[in-house]
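A short reminder: the numbers here are calculations on the coordinates, not readings from a lab. The structure presented is a predicted model; accordingly, all values stated were derived computationally and were not measured. Positions of Cβ are generated from backbone atoms using ideal geometry, with glycine treated the same way; all protein chains shown enter the neighbour counts.
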Amino acid sequence: MLKIESLTKKFGGLTAVNDVSTTIEKGKINAIIGPNGAGKTTFFNLISGAHKPTSGRIIFNDHDVTNLRADQVAKLGISRTFQTTNLFDRATVLDNLIVGHRLRTQSGLMDVLFGTKRLKDEEKICREKARDALDFVGLSHISHRIAADISQEERKRVAFALALSTDPTLVLLDEPAGGVNPEETIGLAELIRKMVKTGLTVCLIEHKMNMIMNLADKIMVLNYGEKIAEGTPAEIRANPFVIEAYLGSEHAAA
């Protein structure tokens, strides 16, 4: 689904991502791990169009998306979440999600000024998409609550729903289980599996190794911006370079 060719990103004298090549496999749970500062979020920023690479190529479903804007990449079917879930805290959960499907609408300023049929039809579609996404992540019961009043775990699920409301085929999840307890982590892992069962492809960054080792089909390891390993969880757990750089002996394969 996604092919990365020799991707490099430099910020002045700092190389955040250095000559990384990999693939994200369709219908699988792909994971990226590595120490803080390894370049993981920068890698996501490059894929999603938030940053432009210094060199290299990004191919998504046979489209070269290397130099596209973030909105153009999203329209092609790549959505993402962020480490911190920023919502419109004074709006309801449902109203926060209505924004997501606006990516797919055509109405503009003139439609708003004249209250056109197209605007009303698209508002209805956006609301339906928002409700569907909330139902998918198990939050229909809080749709009318103010976003500022929901829990951290619920904010994570809202972030999932917001990504889903853009009608993606590939979802990038940046630390989806950050800041939640072990029981909530299990629930979020099940939600990720549910996403893949419905036909989506997922790539996630996460530091919770038990979650990753039980969830991912394929793992890429970054260290100082470079890919040092790639493979199945069992292969990664047994890789001496990964153990030394990141996992530690407690995660080594028996």
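Computed values, structure above
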read-out	value
Out-of-range pairs (alpha-carbon distance over 23 Å; input LYS9/LYS208; LYS40/LYS197; LYS28/LYS208; LYS75/LYS124; LYS156/LYS197)	LYS9/LYS208; LYS40/LYS197
Debye-sum result for the chain in log10 I(q)/I(0), which assumes one identical scatterer on each alpha carbon, at q = 0.09, 0.10 Å⁻¹	-0.42, -0.51
Pairwise label distance in nanometres, ALA91 with GLU235, each label 7 Å out on the Cα-Cβ vector	4.3 nm
Distance in nm between pseudo-label sites at THR198 and ASP71 (7 Å out along the Cβ direction from Cα)	2.6 nm
Sorted by Cβ neighbour density within 10 Å, fewest at the top, the residues LYS194, LYS40, LYS9	LYS194, LYS9, LYS40
Computed Kirkwood radius, in angstrom, where 1/r is averaged over Cα pairs of the range 7-109	15.7 Å
Helix-only [θ]222 nm of the chain, DSSP H runs n ≥ 4, -39500 (n - 2.57) each, per residue, nearest 500	-11000 deg cm²/dmol
Difference of contour (0.36 nm per residue) and Cα-Cα distance, ILE59 to ARG118	17.9 nm
Extension gain, ILE146 back to GLU5 (0.36 nm per residue minus Cα-Cα distance, nm)	46.4 nm
Ranking of HIS144, HIS51 by count of other Cβ atoms within 10 Å, fewest first	HIS144, HIS51
The chain: relative contact order as a whole-number percent, Cα under 8 Å and 6+ apart	26 percent
Residue order, fewest to most beta carbons within 10 Å, for PHE136, PHE60	PHE136, PHE60
